[in-house]
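Below is one structure, written out as structure tokens; comments come after it.
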Amino acid sequence: MAIFCWLAAPAPASADTIPVNSAELRIDEGEVLLNAEFEFSLNPTLEKGIPLYFALDFELTRGRWYWLDEKVAQTALVYRVSYNALTRQYRVASGLLTQTFNSLEEVERFIGRITSRRVASADALTKGAKYDAAVRLRLDVNQLPKPILINALASREWTLASDWHRWSFTP
């Protein structure tokens, strides 16, 4: 007697890139703060019970003519997004912070709008010097469950990321 097992892979998160609407740095009370806005949408993949991880990556560098660029600040923020079928709510966890949302649109808005996120100390910057800032938001497929990870690595449909958005900043 033969037993056959069939594993259906869930629908991908999205095949689109994440556009960056805006990004800026400001200094307030001795801290360098990031404000950024991304526009993206997810399909109901979360309702299948698969947690998704999104990473917000930020880099601040200062160019040097005599050597490689100096990396002044580098930070990453990871969001874990899951769906609870019993309560019909989405849960977003980042570090010790956990919030629940009733709709996928609220989750997209929460992850896509970064407001006053501390990325560096103002003491680490030289006043009047030119710095290059870069930010991106991406789906971290490496944290998917192993059966889905194999499918995600082999498929371009699981690629959901913004390009590095770069701009100049002078304190």
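Quick note: the coordinates plus some simple rules give every number you see, no bench work behind them. Quick caveat: nothing in here was measured; it's all calculated off a predicted structure. Because the Cβ atoms are built from the backbone with ideal geometry, glycine has one as well, and the counts that use them run over all protein chains shown.
At-a-glance table
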| read-out | value |
| --- | --- |
| Label-to-label distance, nm, for residues given as residue 115 and residue 70 (7 Å Cα→Cβ offset) | 3.4 nm |
| Whole-Å semi-axes of region 109-151's equivalent ellipsoid (Cα gyration tensor) | 34, 14, 9 |
| q = 0.11, 0.16, 0.19, 0.24 Å⁻¹: log10 I(q)/I(0) that the Debye formula gives for region 51-163, counting C-alpha atoms only | -0.49, -0.87, -1.07, -1.36 |
